[in-house]
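Reading through the C-alpha coordinates given below for one structure.
The values are calculated or read from the model by the stated rules, or taken from the named source; none is laboratory data. Because the structure is a prediction, the values reported are computed rather than measured. Here the Cβ positions follow ideal geometry from the backbone for every residue, glycine too, while neighbour counts run over all protein chains shown. For accessibility, only protein heavy atoms count, side chains too; no ligands or nucleic acids. Shrake-Rupley method; radii C 1.70, N 1.55, O 1.52, S 1.80 Å.
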Amino acid sequence: MKITFLGTGTSQGIPMITNNHPVCLSKNIKDKRLRSSIMVSWDDINYIVDCGPDFRTQMLRENVQSINGVLFTHEHSDHTAGFDDVRPFSYQMGEVPIYVDKRTLKSLQQRFEYIFTTKNRYPGAPKVAVNIIDDTAFYLDGVEVTPIEVLHGTLPVTCYRFGNFAYLTDVKTISDTEKEKLKGVKVLVVNALRQESHPTHFNLEEALEFVAEINPERAYFSHISHKLGFHNEVQKALPKNVFLAFDGLKIKV
(Lines give C-alpha, C1' and ligand atoms only; values in the text may rest on other atoms or scores of the structure.)
Protein backbone atom coordinates (compact mmCIF):
# COMPACT_ATOMS: atom_id res chain seq x y z
CA MET A 1 0.00 0.00 0.00
CA LYS A 2 1.24 3.48 -0.86
CA ILE A 3 0.19 6.72 0.83
CA THR A 4 0.58 10.04 -0.97
CA PHE A 5 0.28 13.18 1.11
CA LEU A 6 -1.65 15.47 -1.21
CA GLY A 7 -1.67 18.28 1.35
CA THR A 8 -0.41 18.64 4.91
CA GLY A 9 -1.52 22.14 5.91
CA THR A 10 -4.26 23.42 8.15
CA SER A 11 -7.42 25.21 7.02
CA GLN A 12 -5.66 28.25 5.55
CA GLY A 13 -2.57 26.53 4.23
CA ILE A 14 1.02 27.76 4.34
CA PRO A 15 1.80 30.46 3.38
CA MET A 16 -1.32 32.02 4.84
CA ILE A 17 -2.78 35.01 3.00
CA THR A 18 -1.62 38.38 4.45
CA ASN A 19 0.68 36.63 6.94
CA ASN A 20 4.35 37.54 7.13
CA HIS A 21 5.33 35.01 9.76
CA PRO A 22 8.86 33.68 9.00
CA VAL A 23 7.50 30.22 8.16
CA CYS A 24 5.12 31.77 5.63
CA LEU A 25 8.11 33.45 4.02
CA SER A 26 10.25 30.32 4.00
CA LYS A 27 11.78 29.25 0.69
CA ASN A 28 11.87 25.60 1.78
CA ILE A 29 9.31 23.70 -0.29
CA LYS A 30 8.52 21.56 2.77
CA ASP A 31 7.18 24.68 4.51
CA LYS A 32 4.61 25.24 1.75
CA ARG A 33 1.47 23.27 2.59
CA LEU A 34 -1.84 22.82 0.79
CA ARG A 35 -4.96 21.76 2.69
CA SER A 36 -4.79 18.28 4.20
CA SER A 37 -5.68 15.24 2.13
CA ILE A 38 -4.16 11.88 1.26
CA MET A 39 -4.40 9.31 -1.50
CA VAL A 40 -4.31 5.65 -0.49
CA SER A 41 -3.21 3.34 -3.31
CA TRP A 42 -2.72 -0.37 -3.91
CA ASP A 43 -2.43 -2.25 -7.19
CA ASP A 44 -4.14 0.16 -9.62
CA ILE A 45 -6.57 1.43 -6.97
CA ASN A 46 -6.65 5.04 -5.71
CA TYR A 47 -8.88 6.30 -2.90
CA ILE A 48 -8.86 9.93 -1.78
CA VAL A 49 -9.48 10.95 1.81
CA ASP A 50 -11.04 14.45 1.75
CA CYS A 51 -11.04 16.83 -1.23
CA GLY A 52 -10.46 20.36 0.00
CA PRO A 53 -10.07 23.59 -1.96
CA ASP A 54 -6.67 22.51 -3.33
CA PHE A 55 -7.93 19.20 -4.76
CA ARG A 56 -7.51 20.21 -8.42
CA THR A 57 -3.94 21.40 -7.86
CA GLN A 58 -3.12 18.21 -5.97
CA MET A 59 -4.49 15.94 -8.70
CA LEU A 60 -2.54 17.79 -11.38
CA ARG A 61 0.66 17.85 -9.34
CA GLU A 62 0.53 14.09 -8.74
CA ASN A 63 -0.71 13.35 -12.27
CA VAL A 64 -3.59 11.26 -10.93
CA GLN A 65 -5.31 9.68 -13.93
CA SER A 66 -8.07 7.81 -12.10
CA ILE A 67 -9.63 7.41 -8.68
CA ASN A 68 -11.91 4.76 -7.22
CA GLY A 69 -13.69 6.93 -4.68
CA VAL A 70 -13.53 9.69 -2.07
CA LEU A 71 -13.86 9.23 1.69
CA PHE A 72 -14.89 12.25 3.74
CA THR A 73 -13.93 12.87 7.35
CA HIS A 74 -16.24 15.81 8.08
CA GLU A 75 -17.93 18.81 6.52
CA HIS A 76 -15.47 21.66 7.11
CA SER A 77 -14.48 23.53 3.96
CA ASP A 78 -10.80 22.66 4.10
CA HIS A 79 -11.90 19.03 3.70
CA THR A 80 -14.78 19.41 1.22
CA ALA A 81 -14.53 22.61 -0.82
CA GLY A 82 -12.96 20.85 -3.82
CA PHE A 83 -15.85 18.42 -4.18
CA ASP A 84 -16.92 19.83 -7.56
CA ASP A 85 -13.48 19.03 -8.96
CA VAL A 86 -14.25 15.31 -9.01
CA ARG A 87 -16.12 16.06 -12.25
CA PRO A 88 -13.30 14.98 -14.64
CA PHE A 89 -13.27 11.61 -12.88
CA SER A 90 -17.05 11.48 -13.19
CA TYR A 91 -16.79 12.12 -16.93
CA GLN A 92 -14.34 9.23 -17.05
CA MET A 93 -16.05 6.65 -14.84
CA GLY A 94 -19.65 7.77 -14.40
CA GLU A 95 -20.71 7.93 -10.77
CA VAL A 96 -17.82 8.59 -8.38
CA PRO A 97 -18.30 6.57 -5.17
CA ILE A 98 -18.22 8.69 -2.04
CA TYR A 99 -18.11 7.40 1.53
CA VAL A 100 -19.62 9.74 4.06
CA ASP A 101 -21.56 9.83 7.33
CA LYS A 102 -25.12 11.14 7.41
CA ARG A 103 -24.29 14.53 8.94
CA THR A 104 -21.53 15.30 6.48
CA LEU A 105 -23.73 14.16 3.59
CA LYS A 106 -26.45 16.59 4.66
CA SER A 107 -23.93 19.43 4.57
CA LEU A 108 -22.68 18.41 1.13
CA GLN A 109 -26.25 18.20 -0.18
CA GLN A 110 -26.91 21.75 1.01
CA ARG A 111 -23.68 23.26 -0.30
CA PHE A 112 -23.49 21.29 -3.56
CA GLU A 113 -27.20 20.88 -4.24
CA TYR A 114 -26.67 20.76 -8.01
CA ILE A 115 -24.55 17.60 -7.67
CA PHE A 116 -27.28 15.68 -5.87
CA THR A 117 -30.42 16.98 -7.55
CA THR A 118 -32.36 14.62 -9.80
CA LYS A 119 -34.44 17.35 -11.49
CA ASN A 120 -33.17 19.74 -14.15
CA ARG A 121 -29.60 18.61 -13.56
CA TYR A 122 -26.87 20.75 -15.05
CA PRO A 123 -25.32 18.44 -17.67
CA GLY A 124 -21.78 19.18 -16.55
CA ALA A 125 -22.38 18.42 -12.88
CA PRO A 126 -20.43 15.48 -11.48
CA LYS A 127 -22.30 12.30 -10.66
CA VAL A 128 -21.69 10.51 -7.37
CA ALA A 129 -22.76 7.24 -5.77
CA VAL A 130 -23.39 7.78 -2.06
CA ASN A 131 -22.25 5.17 0.45
CA ILE A 132 -23.32 5.95 4.02
CA ILE A 133 -20.85 4.92 6.68
CA ASP A 134 -21.23 4.55 10.43
CA ASP A 135 -18.98 2.78 12.92
CA THR A 136 -19.02 -0.49 10.99
CA ALA A 137 -15.93 -1.68 9.12
CA PHE A 138 -16.29 -2.14 5.38
CA TYR A 139 -14.17 -3.29 2.45
CA LEU A 140 -12.80 -1.34 -0.49
CA ASP A 141 -11.39 -3.54 -3.23
CA GLY A 142 -10.31 -6.20 -0.76
CA VAL A 143 -8.91 -3.88 1.93
CA GLU A 144 -10.70 -3.60 5.26
CA VAL A 145 -11.48 -0.01 6.24
CA THR A 146 -12.37 0.76 9.85
CA PRO A 147 -14.05 4.08 10.69
CA ILE A 148 -12.64 5.72 13.82
CA GLU A 149 -14.52 8.53 15.54
CA VAL A 150 -12.56 11.40 17.06
CA LEU A 151 -13.72 14.74 18.38
CA HIS A 152 -12.69 18.01 16.76
CA GLY A 153 -13.64 20.10 19.76
CA THR A 154 -17.26 18.90 20.06
CA LEU A 155 -17.67 17.93 16.39
CA PRO A 156 -17.42 14.21 15.59
CA VAL A 157 -14.97 13.45 12.79
CA THR A 158 -14.71 10.12 10.98
CA CYS A 159 -11.14 8.97 10.50
CA TYR A 160 -10.03 5.75 8.83
CA ARG A 161 -7.85 2.73 9.28
CA PHE A 162 -6.84 0.88 6.10
CA GLY A 163 -5.31 -2.40 7.19
CA ASN A 164 -2.16 -1.49 9.11
CA PHE A 165 -2.37 2.22 8.26
CA ALA A 166 -4.50 4.82 10.07
CA TYR A 167 -5.21 8.43 9.11
CA LEU A 168 -6.55 10.69 11.86
CA THR A 169 -7.21 14.33 11.18
CA ASP A 170 -8.69 17.18 13.26
CA VAL A 171 -8.29 15.27 16.51
CA LYS A 172 -8.56 16.91 19.91
CA THR A 173 -9.89 13.95 21.89
CA ILE A 174 -10.57 10.28 21.25
CA SER A 175 -12.33 7.75 23.45
CA ASP A 176 -10.71 4.58 24.79
CA THR A 177 -13.16 2.55 22.70
CA GLU A 178 -11.99 4.19 19.48
CA LYS A 179 -8.34 3.90 20.52
CA GLU A 180 -8.84 0.13 20.62
CA LYS A 181 -9.44 0.25 16.87
CA LEU A 182 -5.86 1.47 16.47
CA LYS A 183 -4.34 -1.50 18.26
CA GLY A 184 -1.48 -2.96 16.25
CA VAL A 185 -1.42 -0.22 13.62
CA LYS A 186 2.01 0.04 12.01
CA VAL A 187 1.82 3.51 10.44
CA LEU A 188 -0.17 6.34 12.02
CA VAL A 189 -0.89 9.81 10.66
CA VAL A 190 -2.29 12.39 13.06
CA ASN A 191 -2.67 16.16 13.22
CA ALA A 192 -0.15 18.35 15.05
CA LEU A 193 -1.35 21.89 14.52
CA ARG A 194 1.12 24.07 16.40
CA GLN A 195 3.26 24.40 19.52
CA GLU A 196 0.63 26.15 21.65
CA SER A 197 -2.53 24.47 22.91
CA HIS A 198 -5.59 24.70 20.65
CA PRO A 199 -9.27 24.11 21.51
CA THR A 200 -10.01 21.71 18.64
CA HIS A 201 -6.69 20.19 17.51
CA PHE A 202 -3.76 18.33 19.02
CA ASN A 203 -0.77 20.56 19.51
CA LEU A 204 2.70 19.05 19.10
CA GLU A 205 2.96 17.87 22.71
CA GLU A 206 -0.46 16.18 22.59
CA ALA A 207 0.31 14.54 19.25
CA LEU A 208 3.57 13.12 20.62
CA GLU A 209 1.79 11.79 23.70
CA PHE A 210 -0.82 10.15 21.48
CA VAL A 211 1.84 8.51 19.32
CA ALA A 212 3.59 7.19 22.42
CA GLU A 213 0.31 5.70 23.63
CA ILE A 214 -0.64 4.04 20.33
CA ASN A 215 2.97 2.99 19.72
CA PRO A 216 3.04 2.49 15.93
CA GLU A 217 6.23 1.57 14.12
CA ARG A 218 6.14 4.96 12.38
CA ALA A 219 4.09 8.13 12.82
CA TYR A 220 3.64 11.15 10.59
CA PHE A 221 2.24 14.54 11.58
CA SER A 222 -0.04 16.49 9.24
CA HIS A 223 -2.66 19.29 9.32
CA ILE A 224 0.15 21.66 10.27
CA SER A 225 0.03 25.44 10.64
CA HIS A 226 2.88 27.92 10.33
CA LYS A 227 2.83 28.19 14.13
CA LEU A 228 4.35 24.73 14.45
CA GLY A 229 7.65 26.11 13.16
CA PHE A 230 10.08 25.46 10.32
CA HIS A 231 9.85 21.92 8.97
CA ASN A 232 13.56 21.13 9.26
CA GLU A 233 13.90 22.53 12.78
CA VAL A 234 10.85 20.70 14.14
CA GLN A 235 11.90 17.45 12.49
CA LYS A 236 15.27 17.50 14.26
CA ALA A 237 13.53 17.55 17.65
CA LEU A 238 11.20 14.60 16.98
CA PRO A 239 11.71 10.99 18.05
CA LYS A 240 13.45 8.82 15.45
CA ASN A 241 10.23 7.09 14.37
CA VAL A 242 8.15 10.29 14.12
CA PHE A 243 8.18 12.48 11.01
CA LEU A 244 6.64 15.67 9.77
CA ALA A 245 4.77 14.89 6.58
CA PHE A 246 5.07 17.31 3.69
CA ASP A 247 3.17 17.85 0.46
CA GLY A 248 4.03 15.21 -2.11
CA LEU A 249 5.58 12.79 0.38
CA LYS A 250 4.98 9.15 -0.55
CA ILE A 251 5.34 6.32 1.91
CA LYS A 252 4.82 2.56 1.75
CA VAL A 253 2.94 0.59 4.38
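Considering region 13-29 alone, what residues qualify as being assigned to a loop (DSSP other than H, G, I, E, B) and either closer than 28 Å to Arg161 by Cβ or small (Gly, Ala, Ser) (or both)?
Gly13, Ser26
From Gln195, Gln110, grab the single residue that is touching a helix residue (DSSP H, G or I) at 6+ places or on another chain (Cβ under 7 Å) and polar (S, T, N, Q). Quick ask: steps written out before the conclusion?
Numbers: Gln110 fails: touching a helix residue (DSSP H, G or I) at 6+ places or on another chain (Cβ under 7 Å).
Exactly one residue qualifies, and that residue is Gln195.
Based on what the data block shows, is Leu34 free of Cβ contacts under 8 Å to residues at least 12 places away in the same chain, more than 17 Å from Ile98 (Cα to Cα) and open to solvent by 40 Å² or more (accessible area, probe 1.4 Å)?
no
Please go through region 130-151 and give me each residue that is open to solvent by 20 Å² or more (accessible area, probe 1.4 Å) and either assigned to a strand (DSSP E or B) or β-branched (Val, Ile, Thr) (or both), ordered by number.
Of everything in region 130-151, those that are open to solvent by 20 Å² or more (accessible area, probe 1.4 Å) and either assigned to a strand (DSSP E or B) or β-branched (Val, Ile, Thr) (or both) turn out to be Val130, Asn131, Ile132, Thr136, Phe138, Tyr139, Val143, Glu144, Thr146, Glu149, Leu151.
Just give me the residues in region 117-128 being surrounded by fewer than 12 Cβ atoms within 10 Å (Cβ to Cβ) and assigned to a strand (DSSP E or B), in sequence order.
none
Can you run down the residue pairs with Cβ atoms below 9 Å, 6 or more apart or on separate chains, where the first is in region 154-174 and under 21 Å from Val253 (Cα atoms) and in a loop (DSSP other than H, G, I, E, B) and the partner is open to solvent by 40 Å² or more (accessible area, probe 1.4 Å) and of a type in the set (Lys, Arg)?
Listed pairs, sorted by first residue: Gly163/Lys186; Asn164/Lys186.
Are any residues in region 212-232 part of a strand (DSSP E or B) and open to solvent by 10 Å² or more (accessible area, probe 1.4 Å), and if so, which ones? Give the steps one after another, and end with the answer.
At the first step, the residues of region 212-232 found to be part of a strand (DSSP E or B) are 218-222, 224.
Answer for region 212-232, where residues must be part of a strand (DSSP E or B) and open to solvent by 10 Å² or more (accessible area, probe 1.4 Å): Arg218, Tyr220.
For region 73-98: of the residues being touching a Ser or Thr at 6+ places or on another chain (Cβ under 8 Å) and polar (S, T, N, Q), which is surrounded by the fewest Cβ atoms within 10 Å (Cβ to Cβ)?
Result: Gln92.
Which members of region 37-53 meet the condition of being open to solvent by 20 Å² or more (accessible area, probe 1.4 Å) and out of contact with any helix residue (DSSP H, G or I) (no Cβ under 8 Å at 6 or more places or on another chain)?
Passing the criteria: Trp42, Asp43, Asp44, Ile45, Asn46.
May I ask you to list pairs of residues, at least six apart or on different chains, whose Cβ atoms are under 8 Å apart, with the first in region 47-70 being more than 14 Å from Gly9 (Cβ to Cβ) and acidic (Asp, Glu) and the second being open to solvent by less than 20 Å² (accessible area, probe 1.4 Å) and outside any loop (DSSP other than H, G, I, E, B)?
Glu62/Thr4; Glu62/Leu6; Glu62/Met39
So which residues in region 228-253 are in contact (Cβ under 8 Å) with a residue 40 or more places away in the chain and in contact with an Asp or Glu (Cβ under 7 Å, 6 or more places away or on another chain)?
Phe230, His231
Consider region 119-135. How many of its residues are among the β-branched types (Val, Ile, Thr) and in contact with a Ser or Thr (Cβ under 9 Å, 6 or more places away or on another chain)?
Adding up the residues that qualify gives 2.
Within region 154-211, restricting attention to residues that are of a type in the set (Lys, Arg) and surrounded by 17 or more Cβ atoms within 10 Å (Cβ to Cβ), which residue is farthest from Gly142 (Cα to Cα)?
Selected residue: Arg194.
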